[in-house]
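A short write-up of the structure that comes next.
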Amino acid sequence: MNLSEADILSALDSLRDRHLVIEVSGQRAMRWEHNFERVLGVPSQASALLGLLMLRGTQTAAELRTNAERWHRFADTGSVEAFLEELQDRSSDKGGALVQLLPKAPGAREARWAHLLCGAPSLAVPGGASSDHSAPALDCVEARRIEALEARVEMLEAQVQRLCAALGE
């Protein structure tokens, strides 16, 4: 990523406003610590699962167990499923469900899980084709990134057209 210091500070301010990060003491530079588990009221195991779902998109419980190895070592796939079911069955007074078990896709051996931190996942497959479940589903961060890239392509196309017009082509 190529971010300016202003972009980083803006993102940190936004996260601080939502109490998702806190500033901790640092001698030479500001240091930040995440506050995700306390804000959402989830244990570290569930936090690891939510982090993976946000970073990699929808996954099966077995994939989550394998991918979470560096964050938290789960004993078996059943323990992963237990944490996911706990996150799915959260009461509304605790903020409601944080994950959702998606319907099993045709030809798939296992159902996949998705996070609900950016709203309900889209189940529609563009163009009516079957979805490729090895690729993660678009989440809100990826959608914003794609929108920004599309806007940049439009700007560059307009600039090329202006240059061609100036050159008489």
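Any read-out appearing in this document is the output of simple, stated calculations on the displayed coordinates, not a laboratory observation. Owing to the predicted nature of the structure, the values given are computational and were not obtained by experimental measurement. Virtual Cβ from ideal backbone geometry, glycine too; neighbours counted across all protein chains shown.
Some observations on this one:
- The chain - mean residue ellipticity at 222 nm from DSSP helices (-39,500 (n - 2.57) per run, n ≥ 4, rounded to 500): -14500 deg cm²/dmol
- Whole-Å distance, taken between Cα centres, linking the stretch 152-169 and the stretch 83-121: 46
- Helix 44-56 axis, angle to the chain major axis (alpha carbon atoms, nearest 10°): 30
- Hydrodynamic estimate: the Kirkwood radius of the chain over Cα pairs, inserted into Stokes-Einstein at 4 °C and 1.567 mPa s, corresponds to D of 68 µm²/s.
- Per-pair calculated FRET efficiency, R0 = 30 Å: ARG73 and GLU110 via Cβ, rounded to 0.05: 0.90
- The chain: relative contact order in percent, alpha carbon pairs under 8 Å with at least 6 residues between: 15
- Pairwise FRET efficiency - SER10 versus VAL160, Cβ, R0 = 30 Å, nearest 0.05: 0.45
- Sites listed here are GluC sites (Glu not before Pro) in the stretch 78-122 whose DSSP assignment is loop and whose Cβ has at most 15 other Cβ atoms within 10 Å: GLU110.
- Stretching LEU167 away from GLU33 to a fully extended chain increases their span by 42.9 nm, per 0.36 nm per residue minus the current alpha-carbon distance.
- Net lengthening on full extension, SER25/ILE146 (0.36 nm per residue, minus Cα-Cα): 39.9 nm
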